[in-house]
Number of protein chains: 2
Amino acid sequence: MNPVIDAIHKRRSIRDFTSEPVDSHLLMDIIEAGTWAPSGLNNQPWRFAIVTNPVTKALFEPLTRYKKVIRCAQALIPVFVDKNAMYHEVKDHQAIGACIQNMLLAAHSMGLGAVWLGEILKNAAKVREVLGLSGNLELMAVVAIGHPASRDQHSSRKPLDEVIVYQG
Amino acid sequence: MNPVIDAIHKRRSIRDFTSEPVDSHLLMDIIEAGTWAPSGLNNQPWRFAIVTNPVTKALFEPLTRYKKVIRCAQALIPVFVDKNAMYHEVKDHQAIGACIQNMLLAAHSMGLGAVWLGEILKNAAKVREVLGLSGNLELMAVVAIGHPASRDQHSSRKPLDEVIVYQG
């Protein structure tokens with residue numbers, strides 16, 4: 001199996017991390033991988049915050065039911081869409097998804113663990129407030145990153161014949 | 001550079017293909033790669049059509065300004081969201097984006113070329129009609145695939161300091 005397909009299949013949502021910090025260069029590489037996603041008209045509507053300071057990171061804990069993940073993650077990368085850069089809501093949200101998937105695959109390929117946190121969107125405005133960001137930045141997800149404490153997670157997918165609706 | 005990051009950086013939108021057909025097993029592998037994207041609550045809202053028959057494929061030509069791409073592509077994979085499987089519009093559209101990105105990376109890793117066509121969404125209803133699909137399937141994009149006629153395409157991204165809005 002080629003290493004790209006292998007990473008796509010073996011990547012898992014990692015929610016438990018060791019206390020080892022994540023090198024800041026790796027965080028930059030993960031964000032850069034995100035930016036190489038395609039976007040409609042190449043508008044690149046994604047914006048990123050990097051949160052590694054434990055005091056700032058702790059402010060995220062009350063904003064989600066996944067506070068345990070926030071607590072043990074060594075870095076959070078909140079991903080925003082810049083409303084001023086948007087041109088088509090559905091396509092821009094898809095581009096953000098492509099960007100985040102690149103980030104998750106990049107983290108996996110470096111031996112890091114990561115998880116895409118979406119439930120925190122219910123507190124999108126508070127995340128913006130914590131980081132002191134302007135109103136044009138709308139939270140799209142928080143990617144939590146660290147060195148994985150375990151890798152034994154299983155996952156499953158529907159068989160292909162359930163998701164292929166036409167062939168011809 | 002590791003092969004996953006390398007693929008993420010080097011993947012390009014390929015719009016010109018040779019007349020060599022694409023093995024149907026590779027199309028299945030590309031779709032399977034798509035399904036290994038994460039989705040909220042693992043709801044897997046994506047659905048796929050596989051169009052390789054030239055007569056059916058030709059029916060897509062009048063539906064987009066990219067008819068030259070449709071004409072030389074050896075396979076089209078229209079990607080849909082199943083409205084009956086959705087739980088959160090923004091997150092489901094993001095999941096579809098992650099799925100499509102997996103497909104593009106998988107195609108690239110196999111030496112194939114692919115391009116994400118979004119402009120055809122203006123004729124989403126007609127695409128559904130051409131394929132005889134039910135109203136719960138909403139077109140999200142068409143991925144056009146083939147053996148690349150050339151690979152010399154350049155692309156660019158904003159520098160990281162323009163997209164990182166917070167660090168601390």
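The values are calculated or read from the model by the stated rules, or taken from the named source; none is laboratory data. Owing to the predicted nature of the structure, the values given are computational and were not obtained by experimental measurement. Positions of Cβ are backbone-derived with ideal geometry, glycine not excepted, and every protein chain shown enters the neighbour counts.
The set of residues in segment A:92-101 that are touching a residue at least 60 places away in the same chain (Cβ under 8 Å) and more than 7 Å from chain B (Cβ to nearest Cβ) contains only A:CYS99.
Looking at the structure I just gave you, is A:GLY111 within 9 Å of another protein chain (Cβ to nearest Cβ), on the phi > 0 side of the Ramachandran plot and surrounded by fewer than 16 Cβ atoms within 10 Å (Cβ to Cβ)?
No: the conditions fail for A:GLY111.
Looking across segment A:133-168, just one residue is more than 8 Å from chain B (Cβ to nearest Cβ) and of a type in the set (Lys, Arg), and that is A:ARG151. Taken over segment B:57-89, the criterion of being surrounded by 16 or more Cβ atoms within 10 Å (Cβ to Cβ) and under 14 Å from B:GLU138 (Cα atoms) is satisfied by B:ILE77, B:PRO78, B:VAL79, B:PHE80, B:VAL81, B:ASP82, B:ALA85, B:MET86. When we screen A:LEU104, A:LEU112, A:LEU26 for residues that are modelled with pLDDT of 95 or more, under 16 Å from A:MET140 (Cα atoms) and not polar (S, T, N, Q), the only hit is A:LEU104.
Does B:ALA95 satisfy being within 25 Å of A:LEU41 (Cα to Cα) and hydrophobic (A, V, I, L, M, F, W, C)? Against the criterion (within 25 Å of A:LEU41 (Cα to Cα) and hydrophobic (A, V, I, L, M, F, W, C)), B:ALA95 qualifies. Whether a residue is of a type in the set (A, V, I, L, M), surrounded by fewer than 17 Cβ atoms within 10 Å (Cβ to Cβ) and at the interface with chain B (Cβ under 9 Å from one of its Cβ atoms) was assessed, and A:LEU104 does not pass this test.
Restricting segment A:44-56 to residues that are free of Cβ contacts under 8 Å to residues at least 24 places away in the same chain and at the interface with chain B (Cβ under 10 Å from one of its Cβ atoms), which is surrounded by the most Cβ atoms within 10 Å (Cβ to Cβ)? Out of the qualifying residues, it is A:ASN53.
Note on segment A:131-163: residues that are surrounded by fewer than 18 Cβ atoms within 10 Å (Cβ to Cβ) and on the phi < 0 side of the Ramachandran plot amount to 18.
Could you say whether any residue in segment B:120-132 is within 7 Å of chain A (Cβ to nearest Cβ) and modelled with pLDDT of 95 or more? So far as segment B:120-132 goes, yes, one or more of its residues are within 7 Å of chain A (Cβ to nearest Cβ) and modelled with pLDDT of 95 or more. Of all the residues in segment B:1-41, those that are of a type in the set (S, T, N, Q) and out of contact with any strand residue (DSSP E or B) (no Cβ under 9 Å at 6 or more places or on another chain) number 1.
Just one of the listed residues (A:ILE8, A:ILE30) is touching a residue at least 60 places away in the same chain (Cβ under 8 Å) and more than 7 Å from chain B (Cβ to nearest Cβ), namely A:ILE30.
Taken over segment A:1-36, the criterion of being outside any helix (DSSP H, G or I), within 17 Å of the chain's Cα centre (by Cα) and aliphatic (A, V, I, L, M) is satisfied by A:ILE14, A:VAL22.
Of all residues being assigned to a loop (DSSP other than H, G, I, E, B) and hydroxyl-bearing (Ser, Thr, Tyr) in segment B:150-168, which is nearest to B:ASP16 (Cα to Cα)? Just the residue, please. If we take residues in segment B:150-168 being assigned to a loop (DSSP other than H, G, I, E, B) and hydroxyl-bearing (Ser, Thr, Tyr), then B:SER150 is nearest to B:ASP16 (Cα to Cα).
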